[in-house]
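For reference, the structure discussed in these notes is given below.
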Amino acid sequence: MSASVDDAHVRGHIPVLYQRVLHALKPSAGGCYIDGTIGAGGHSSGILEASSPDGQVLGIDLDPRALELVHDRLAEFGDRLHLRHGSYRDLDVYADELSWKTVDGLLLDLGVSSMVLEDANRGFSFRLNGPLDMRFDPTQAITAADLVNSLPERELADLITRYGEEPHARRVAKAIVKARPLQTTHELAELITRVVKRGRRKIHPATRTFQALRIAVNDELNALEDGLERAIDRLGPGGRIAVISFHSLEDRLVKRKYKQESVDCICPEDQLVCTCDHQARLKVITKRPLRPDKFELESNPRARSAKLRIAERI
Ligand SMILES: C[S@@+](CC[C@H](N)C(=O)[O-])C[C@H]1O[C@@H](n2cnc3c(N)ncnc32)[C@H](O)[C@@H]1O
């Protein structure tokens, strides 16, 4: 395999768990691969290098700006790279357009790209002041400000509990409703800091609420559920799926799906006779998720919560 971490660094971006992903997918000449969250194209450039001279990548992203950038950045690969603006939950539609009945490997790298996180105007970070936006796809209608300023208090509290696992969700929702309208990330972060004490883990008090809003704005967990199903359907025998998640809600969902798809029966445990007709479609390669090592964490602290789970289509 010729692609190395250095190749990715030369392109000015450090993809998370880069070598592990390439090792998992084992790209080879002639293969067809889907990168469902192509972002800045770091992983895809490695896949294209390693599958030279004729391996192909279908790169999907919700963010049109990421696609413009990656189009230029990976121009050297010419028509081996196919880009689509949309969600990986529709990967079957895009694969059909290319007449790809099956694929040899598929990657979902679910984090927010550093490029977007560091752009105050995108509203993802409570550290930078900007509009309460948080849309991966800026052409989408609903923003974080819409949710914060219009949801009834009860729904807001439920959302913050479900997607942020914030123990003080009711208090946060109450304070938001009292202070609205809220327009900026700093207005919201300061409000939360006043009502939520820093816990023992010392994460910023706004972390959980911001995570919850981001997941809700982008319908992230439903997209992941749909995307995993489509991805497993599309993998050819021996094809591998690699998913990098950044919080426990995503990781649990991936773990559960792999487990369910790796057994022949999903009937309730107390049922004596199987009636489900379910058949295993996956072999789980990573019993425990792979994590970045200390060398990666030194150069890329953002990778600290990353977990990679790999499975292979039977
Ligand atoms: C962490 S970045 C990917 C980085 C990429 N692996 C690289 O090496 O440059 C995650 C990307 O996923 C995109 N994204 C998030 N949800 C998506 C979805 N449902 N469908 C397609 N793209 C999505 C985001 O816009 C972002 O560009």
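Positive end of the dipole of the chain (Cβ unit charges, origin at the Cα centre): among Leu83, Ala169, Val21, the Cα lying farthest that way belongs to Ala169. Scanning residues 5 or more positions from Val103 or on other chains, those with amide H under 5 Å from its amide H are Leu235, Gly236, with H placed 1.01 Å from N in the peptide plane.
Cα-based radius of gyration for region 34-109, normalised by 2.2 N^0.38 Å, reads 0.97.
Distance between the C-alpha centres of region 92-127 and region 161-236: 20 Å, rounded to the whole angstrom. Using the Karplus relation 6.51 cos²θ - 1.76 cosθ + 1.60 with θ = phi - 60°, the per-residue 3J(HN,Hα) values for region 140-151 come to 6, 6, 7, 10, 5, 4, 4, 5, 4, 9, 10, 5 Hz, with x marking Gly and Pro. In summary, the aspartates and glutamates within cross-link reach of Lys26, defined as a Cα separation below 12 angstrom excluding same-chain residues under 8 places away, comprise Glu49, Asp104, Glu312. The alpha carbons of region 208-279 occupy a box of 46, 32, 16 Å along the principal axes, longest dimension given first. With all pairs of separate Cα atoms included, the chain yields a Kirkwood hydrodynamic radius of 20.6 Å. For region 243-287, the convex hull drawn through the C-alpha positions has a volume of 87 cubic angstrom per residue. The listed residues Arg288, Arg73, Arg234, Arg162, once ranked by accessible area (1.4 Å probe) with the largest placed first, stand as Arg288, Arg162, Arg73, Arg234. Scalar couplings 3J(HN,Hα) for region 14-28, obtained by applying the Karplus form with A = 6.51, B = -1.76, C = 1.60 to θ = phi - 60°, are 10, x, 6, 6, 4, 5, 5, 5, 5, 5, 5, 7, 6, x, 9 Hz; x denotes Gly and Pro. Which one, Cys267, Leu290, Asn218, projects farthest toward the positive side of the charge dipole computed for region 181-314 from Cβ point charges (K/R +1, D/E -1)? Ranked along the dipole, the leading option is Leu290.
Between Ala120, Ala231, Ala144, the Gaussian network model of the chain with springs among Cα atoms under 10 angstrom shows the greatest mean-square fluctuation at Ala120. Looking at the chain, what % of its DSSP beta bridges pair antiparallel, to the nearest 5? Looking only at bridges with both residues in the chain, the antiparallel portion is about 40 percent.
Report, to one decimal in Å, the Kirkwood hydrodynamic radius for region 1-138 based on all distinct Cα pairs. About 15.3 Å, per the Kirkwood formula over Cα pairs.
Annotation: Lys26 carries an accessible surface of approximately 110 Å², with a 1.4 Å probe and no ligand, DNA or RNA atoms counted.
If I compute solvent accessible area with a 1.4 Å probe over the protein chains, what percent of it on region 141-217 is carbon and sulfur? Summing carbon and sulfur atoms, their accessible area is 52 percent of the total for region 141-217. Rolling a 1.4 angstrom probe over the protein chains, ignoring ligands and nucleic acids, what is the accessible area of Glu312 in square angstrom, nearest 10? Accessible area, nearest 10 Å²: 40 Å².
If you run the Gaussian network model on the chain, springs between alpha carbon atoms under 10 Å, then out of Pro27, Pro15, Pro53 the most flexible one is Pro53. Computed with a 1.4 Å probe on the full set of protein chains, the accessible area for Glu298 sits at about 140 Å². Normalised per residue, the accessible area of region 130-191 is 49 Å², obtained with a 1.4 Å probe and no contribution from ligands, DNA or RNA. Of Ile203, Ile34, the residue with the largest accessible area leads and the full order is Ile203, Ile34 (1.4 Å probe).
Between amide H atoms placed 1.01 Å from N, distances below 5 Å from Gly239 occur with Arg313, all of them 5 or more places distant or on a separate chain.
Could you identify which residue out of Val217, Val112, Val263 has the top mean-square fluctuation in a GNM of the chain using Cα springs shorter than 10 Å? Maximum fluctuation in the GNM of the chain, among the listed residues, is at Val263. Taken as Cα centroids, region 242-269 and region 35-52 sit 25 Å apart, rounded to the nearest whole angstrom.
Looking at region 34-124, the accessible area is 39 square angstrom per residue; that uses a 1.4 Å probe and ignores ligands, DNA and RNA. Debye-formula intensities of region 141-217, expressed as log10 I(q)/I(0) at q = 0.12, 0.15, 0.25 Å⁻¹, are -0.26, -0.42, -1.26 (one equal scatterer per alpha-carbon, no solvent).
Only aspartates and glutamates eight or more places from Lys197 in sequence, or on another chain, were considered; those with a Cα closer than 16 Å are Glu165, Glu166.
The values are calculated or read from the model by the stated rules, or taken from the named source; none is laboratory data. None of these values were measured; they are calculated from a predicted model. Using ideal geometry, Cβ is built from the backbone for each residue, glycine included, and neighbour counts are taken over all protein chains shown. When the accessible area is computed, the model is the full protein with side chains, heavy atoms only, and any ligands, DNA or RNA have been set aside. Shrake-Rupley method; radii C 1.70, N 1.55, O 1.52, S 1.80 Å.
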